[in-house]
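In what follows, a structure is listed as structure tokens, so that the remarks can point back to it.
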Amino acid sequence: MKFYEMTPQRRRSQMEAEGKLSPRDAQLLARSGGLDPAIADGLIENQIGQFALPLGVARGLVVNGESRDVPMVTEESSVVAAASNGARIAALNGGVVAHAPAEHCVRAEVVFANVPDRDAALAVLLSRRRDMFAVARRAKPSIVARGGGLRDVSVEAVCDEFLKITLDVDVQAAMGANIVNTIAEAVATAAGDWIGVRALTAILTNAVCKAQAVTAEIVLDPLTVTCRDVAGEEVAEGIARLSRLAEVDVERAVTHNKGIMNGISAAVLATGNDTRAVEAGAHAFAARTGHYRPLAVWNMKENRLVGRISVPLQVGVVGGATTSLPAAGVAQRIGHYLPDDGSAVSVAVYQETLAALGLVQNLAALRALAGPGIQAGHMALQASNLAIAAGARGAEIAAVAAALQSCSKDLETAKSLLERLRSNL
Ligand code: MEV
């Protein structure tokens with residue numbers, strides 16, 4: 001029997017027999033996770049266990065006048081805390097105003113190589129644009145019935161080597177990968193017949209054009225970013241300066257954007273969406289001018305600190321793992337990403353929440369950098385992690401974490417605190 005045909009239990013036993021999995025780890029895997037075993041096995045190939053991560057919630061993120069709780073899945077201790085902190089400051093200032101594009105389009109490319117007479121083929125493809133719309137409708141009638149479908153087609157030569165058809169598809173509330181790839185492959189087959197060449201590829205692109213980016217803005221009173229030892233005006237100036245640094249220093253821009261994606265990726269993962277698609281799109285967008293730039297920028301304007309983010313967000317609220325993972329459904333319901341008043345399902349609320357989250361996540365990070373530095377907060381939150389790594393379990397975790405607050409926060413200290421705690425019992 002092939003590995004992928006076995007049950008997860010049998011795959012673990014085989015790996016144990018091969019000496020690639022210890023009996024203890026096999027038991028850990030058998031017990032881990034919260035998914036129905038049949039769902040877990042059905043989702044991926046060669047499934048042998050589940051990998052659980054904490055699901056947290058950043059509370060009270062005010063977006064377009066509505067207070068939202070944002071579910072987040074992450075392994076990094078400080079992420080939800082930072083998001084909540086940013087959301088708190090945003091709420092003091094009336095919240096974030098965010099805007100998603102009216103149409104949720106995903107782009108695909110159908111590319112031909114080795115076309116004998118490229119000019120003639122280009123002319124044929126250009127003359128067949130209307131037919132491509134018909135092919136797309138036949139390939140995916142369900143998206144047309146839902147009000148979406150192919151919206152735009154362009155044809156161009158790329159370098160001396162390729163001919164490319166670009167398809168922009170309105171995918172409505174879905175992430176759209178399956179819809180777009182089905183349409184792209186159907187157009188590739190038809191276009192291949194018209195020009196007598198088999199397409200090299202037909203696949204969506206995770207690059208998102210500017211018109212499809214989601215934007216969010218916040219205007220802050222500097223007093224609201226005051227830190228314990230640093231005045232609000234100084235912190236606000238520091239945030240604006242750090243933003244300018246990210247514009248001219250790529251090394252800083254990458255970390256600046258990583259902080260933004262700390263929030264966005266965690267909230268994308270919580271709903272079972274594709275974090276890699278969102279991250280690839282975001283970083284490509286950051287580099288779209290040929291210079292890698294910050295996704296969010298901060299400026300002082302008339303004594304106010306103004307933050308703006310522009311970020312592509314290839315996500316959906318229907319279909320795929322968003323529907324099949326039960327916890328993803330819970331996250332959607334906590335976030336109210338799907339309307340509960342019977343109004344049309346749209347991805348806009350979710351996208352606007354994600355953009356707002358990225359902006360306040362960035363705010364929290366820059367405020368810490370401009371104020372007390374990042375380590376104070378990080379290390380305080382890291383204490384539970386160290387306690388767990390040292391072997392603490394149950395009530396010991398909180399006890400060791402509390403004791404760590406007043407000593408050097410490293411694994412050795414955590415281990416000796418745990419030993420002391422146990423010997424005193
Ligand atoms: C840590 O995960 C993220 C930060 O480094 C982001 C930043 O520096 O802006 C704090």
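Scanning segment 246-260 for residues that are surrounded by fewer than 21 Cβ atoms within 10 Å (Cβ to Cβ) and either in a helix (DSSP H, G or I) or in contact (Cβ under 8 Å) with a residue 24 or more places away in the chain (or both) turns up E247, V248, V250, E251, R252, V254, T255, K258.
Within segment 273-281, identify whether any single residue is away from the ligand (no atom under 16 Å from the Cβ), touching a Gly at 6+ places or on another chain (Cβ under 7 Å) and touching a residue at least 40 places away in the same chain (Cβ under 8 Å), and answer yes or no. Scanning segment 273-281, I find at least one residue that is away from the ligand (no atom under 16 Å from the Cβ), touching a Gly at 6+ places or on another chain (Cβ under 7 Å) and touching a residue at least 40 places away in the same chain (Cβ under 8 Å), so the answer is yes.
Cβ-Cβ contacts under 8 Å between residues 6 or more apart (or on different chains), taken from a first residue in segment 364-384 that is within 17 Å of T224 (Cβ to Cβ) and away from the ligand (no atom under 11 Å from the Cβ) to a second residue that is of a type in the set (S, T, N, Q) and not in a loop (DSSP other than H, G, I, E, B), are absent.
Look at R151 and say whether it is under 27 Å from the mean Cα position of the chain (by Cα), in a strand (DSSP E or B), closer than 19 Å to I183 by Cβ and of a type in the set (K, R). For R151, the condition - under 27 Å from the mean Cα position of the chain (by Cα), in a strand (DSSP E or B), closer than 19 Å to I183 by Cβ and of a type in the set (K, R) - is met. Among the residues here, A399 qualifies as farther than 19 Å from R88 by Cα and small (G, A, S). When A202 is tested against (1) part of a loop (DSSP other than H, G, I, E, B); (2) closer than 24 Å to F285 by Cβ, only condition (1) is not met. Screening the candidates A123, A134, A91 for the property of being surrounded by 16 or more Cβ atoms within 10 Å (Cβ to Cβ), more than 16 Å from the ligand (Cβ to nearest atom), at pLDDT 95 or above and part of a helix (DSSP H, G or I) yields one hit, A91.
Filtered by the rule that a residue be β-branched (V, I, T), crowded, with 17+ Cβ neighbours inside 10 Å and not in a helix (DSSP H, G or I), segment 271-303 gives T271, V297. Within segment 218-233, being surrounded by fewer than 15 Cβ atoms within 10 Å (Cβ to Cβ) and in a helix (DSSP H, G or I) holds for one residue alone: L223. Of the residues making up segment 191-207, those that are more than 12 Å from R107 (Cβ to Cβ) and among the polar types (S, T, N, Q) number 1.
Collect the residues in segment 157-184 that are free of Cβ contacts under 8 Å to residues at least 24 places away in the same chain and either under 25 Å from S310 (Cα atoms) or in contact with a helix residue (DSSP H, G or I) (Cβ under 9 Å, 6 or more places away or on another chain) (or both), keeping them in residue-number order.
Of all residues in segment 157-184, those free of Cβ contacts under 8 Å to residues at least 24 places away in the same chain come to 159-160.
Once the filter is applied, which keeps residues that are free of Cβ contacts under 8 Å to residues at least 24 places away in the same chain and either under 25 Å from S310 (Cα atoms) or in contact with a helix residue (DSSP H, G or I) (Cβ under 9 Å, 6 or more places away or on another chain) (or both), segment 157-184 yields only D160.
Output yes when any residue across segment 192-212 is of a type in the set (D, E), outside the structural domain of I309 (by TED's automatic domain parsing) and surrounded by fewer than 16 Cβ atoms within 10 Å (Cβ to Cβ), and no when none is. Checked segment 192-212: at least one residue is of a type in the set (D, E), outside the structural domain of I309 (by TED's automatic domain parsing) and surrounded by fewer than 16 Cβ atoms within 10 Å (Cβ to Cβ). Among the residues of segment 317-325, are any modelled with pLDDT under 95, of a type in the set (S, T, N, Q) and out of contact with any Ser or Thr (no Cβ under 8 Å at 6 or more places or on another chain)? Looking for residues that are modelled with pLDDT under 95, of a type in the set (S, T, N, Q) and out of contact with any Ser or Thr (no Cβ under 8 Å at 6 or more places or on another chain), one finds at least one in segment 317-325, hence yes.
The residues on offer are A139, A90, A108, A145, and the sole one that is hydrophobic (A, V, I, L, M, F, W, C) and either under 19 Å from V349 (Cβ atoms) or in contact with a His (Cβ under 8 Å, 6 or more places away or on another chain) (or both) is A90. Restricting R276, R252, R304, R241 to residues that are closer than 30 Å to A177 by Cβ and charged (D, E, K, R) narrows the list to R276. Report whether or not V268 is touching a residue at least 24 places away in the same chain (Cβ under 8 Å), surrounded by 24 or more Cβ atoms within 10 Å (Cβ to Cβ) and within 30 Å of A370 (Cα to Cα). When the stated conditions are applied, V268 passes them. The residues on offer are E45, E76, E109, E66, and the sole one that is touching a Ser or Thr at 6+ places or on another chain (Cβ under 6 Å) and of a type in the set (D, E) is E109. Entry remark, segment 50-88: residues being more than 16 Å from the ligand (Cβ to nearest atom), part of a strand (DSSP E or B) and not polar (S, T, N, Q) number 12 in total. Cβ-Cβ distances below 9 Å connect the following pairs, each with a first residue in segment 70-85 that is in contact (Cβ under 8 Å) with a residue 60 or more places away in the chain, a second residue that is hydroxyl-bearing (S, T, Y) and near the ligand (Cβ under 10 Å from one of its atoms), and a separation of six or more residues or different chains: V80/T74.
The values are calculated or read from the model by the stated rules, or taken from the named source; none is laboratory data. Because the structure is predicted, anything quoted here is derived from the model rather than measured. Note: ideal-geometry Cβ built from the backbone for every residue, glycine included; neighbour counts use all protein chains shown.
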